[in-house]
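Asker: Questions regarding the structure given below will be posed in turn.
The values are calculated or read from the model by the stated rules, or taken from the named source; none is laboratory data. Because the structure is predicted, anything quoted here is derived from the model rather than measured. As a convention, Cβ positions derive from the backbone with ideal geometry for all residues, glycine included, and neighbour counts pool all protein chains shown. SASA here: full protein model, heavy atoms, side chains in, ligands and nucleic acids out. Shrake-Rupley method; radii C 1.70, N 1.55, O 1.52, S 1.80 Å.
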Amino acid sequence: MRRFPTSYIVFPFLLIIFLACHSNNAPLTARTPPKNFQDTPVKNTFGALEYADTTTQDAKNIISKLDAYYQAQSRAGFNGSVLVGYKGKVLYERYYGYSNRESKVPLNKTSSTQLASISKTFTGAAILYLNERKYLKIDDPVTKYIKNFPYPAVTIRMLLNHRSGVPDYTKWVPNYRKDFNTPISNDEMIQMLIKYKPGLESRPNTRFKYCNTNFAILAKVIEEVTEMNYPYFMNQYIFLPLGMNHTFVYEPKKGLPSNASISYKYNWRREPNMFADGVYGDKNIYSTVEDMYRWDQSFYQNILLSNETIELAYGPCSFEKKGVKNYGLGWRMLCYPNGNKIIYHNGWWHGNNTSFYRFIGDNFTIIILGNKFNNGIYHQAPMIFSIIKGISADNGFDTEG
């Protein structure tokens, strides 16, 4: 019998171990050490979330009313997670329905849900993080960071505040791609943008037009500046420093982890992937209500961004239309004549309807993450506000995704 050298046996064994350690669930790693980006992630300063005293009569009354309201919502089809924070403490937290209906897995604290457009708040903050640390300037043209970008007058700021005029890729990509079902990447989308040069919807910086392409491009800018892929950068520099251990960027080729909630249509049919599901920056961040509360509270504690940068993000940027609605740098807002301001973002992607309202004057936060299509989710925040504050929500809040 021929005897094989020991190395012939050991090498395959080591290869199996190597591949096992680099499975889809393994920690993300950078492709190569960055040369020009040398920033050190902020250390995790978050401890356990604090919970409000719910033994007082006022608290009991509020919780009783919220429970009654959500029991009615649940009977009407609501399937999702809810967290209400007040003065830096969790006042109300509930989970209704299934994370995975087929397997009868209920939603719980670790059930990560697709945030849809609430993801834009993270992409915007990451750009401002790089701006504050002078790795980029938001008034730079995008052409400085993305070679052959076809719209030379468009700046990073115009992407952040949706004043670029760039058309929405979810609408024009199907004109040039017959395969509707296979997810594409940010790189593929941008290369199509460069190749086909779809016409601008308006001259840059002349009007507001909400557009997913803006934040998909910003994700690419982050990758160019940091020399890391977007999922890795977000994990290392945003999620882990804030203790957001159940938050991640979805990548179709890697699939979803077991704790991720499934996206369902109104009739409990699963929402299949399509071409836009591979693009991130505008969507594709999964999180939990507790992790989102950490995200919310990080702004009050200036963990990632200074007050100056936060105020820049909260500043309204468009005034073509009268009214309280406006958009800052990655945030929607309602600016009232009396000086009150509500900072928020909603989301809608497939069967996921999400709502994130921040009454910053009171450190009062409402987080609702649904994974079964329910347009009524966007009307829940005014009711929660009214129950807790005991006053009307002034004709309701904005319901745009």
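Asker: Of the residues that sit in the stretch 64-96 and are over 24 Å from the mean Cα position of the chain (by Cα) and among the polar types (S, T, N, Q), which one is most open to solvent (accessible area, probe 1.4 Å)?
Answerer: Gln71
Asker: Another one. Of the residues Tyr129, Tyr98, Tyr70, only one is of a type in the set (Phe, Trp, Tyr) and touching a helix residue (DSSP H, G or I) at 6+ places or on another chain (Cβ under 8 Å); which?
Answerer: Details: Tyr98 fails: touching a helix residue (DSSP H, G or I) at 6+ places or on another chain (Cβ under 8 Å); Tyr70 fails: touching a helix residue (DSSP H, G or I) at 6+ places or on another chain (Cβ under 8 Å).
Testing whether each residue is of a type in the set (Phe, Trp, Tyr) and touching a helix residue (DSSP H, G or I) at 6+ places or on another chain (Cβ under 8 Å) leaves just Tyr129.
Asker: Of all residues being assigned to a loop (DSSP other than H, G, I, E, B) and out of contact with any Asp or Glu (no Cβ under 7 Å at 6 or more places or on another chain) in the stretch 112-134, which is least open to solvent (accessible area, probe 1.4 Å)? Just the residue, please.
Answerer: Among those that are assigned to a loop (DSSP other than H, G, I, E, B) and out of contact with any Asp or Glu (no Cβ under 7 Å at 6 or more places or on another chain), it is Leu115.
Asker: If a residue must be farther than 20 Å from Ile368 by Cα, in a loop (DSSP other than H, G, I, E, B) and among the charged types (D, E, K, R), how many such residues does the stretch 268-297 contain?
Answerer: Residues in the stretch 268-297 being farther than 20 Å from Ile368 by Cα, in a loop (DSSP other than H, G, I, E, B) and among the charged types (D, E, K, R): 1 in total.
Asker: Being within 16 Å of Ile194 (Cβ to Cβ), open to solvent by 10 Å² or more (accessible area, probe 1.4 Å) and not in a loop (DSSP other than H, G, I, E, B) is the filter here, so list the residues in the stretch 140-175 that pass it.
Answerer: Pro141, Thr143, Lys144, Trp172, Asn175
Asker: Inside the stretch 50-63, can you point out the residues that are more than 17 Å from Ile391 (Cα to Cα) and open to solvent by 70 Å² or more (accessible area, probe 1.4 Å)?
Answerer: Glu50, Tyr51, Asp53, Thr55, Gln57, Lys60 - these are the residues of the stretch 50-63 that are more than 17 Å from Ile391 (Cα to Cα) and open to solvent by 70 Å² or more (accessible area, probe 1.4 Å).
Asker: Take the conditions part of a loop (DSSP other than H, G, I, E, B) and either basic (Lys, Arg) or crowded, with 20+ Cβ neighbours inside 10 Å (or both) and apply them to Lys109. Does it pass?
Answerer: Yes.
Asker: Further question on the same structure: Considering only the stretch 233-254, state which residues are open to solvent by 40 Å² or more (accessible area, probe 1.4 Å), in a loop (DSSP other than H, G, I, E, B) and within 15 Å of Phe46 (Cβ to Cβ).
Answerer: Asn245, His246
Asker: Right, another one. Based on this model, can you work out whether Tyr210 counts as modelled with pLDDT of 95 or more, over 16 Å from Phe122 (Cβ atoms), open to solvent by 20 Å² or more (accessible area, probe 1.4 Å) and touching a strand residue (DSSP E or B) at 6+ places or on another chain (Cβ under 8 Å)?
Answerer: In short, yes.
Asker: Report yes if Gly281 is of a type in the set (Gly, Ala, Ser), touching a residue at least 12 places away in the same chain (Cβ under 8 Å), more than 14 Å from Asn352 (Cα to Cα) and open to solvent by 20 Å² or more (accessible area, probe 1.4 Å), otherwise no.
Answerer: Criteria not met by Gly281.
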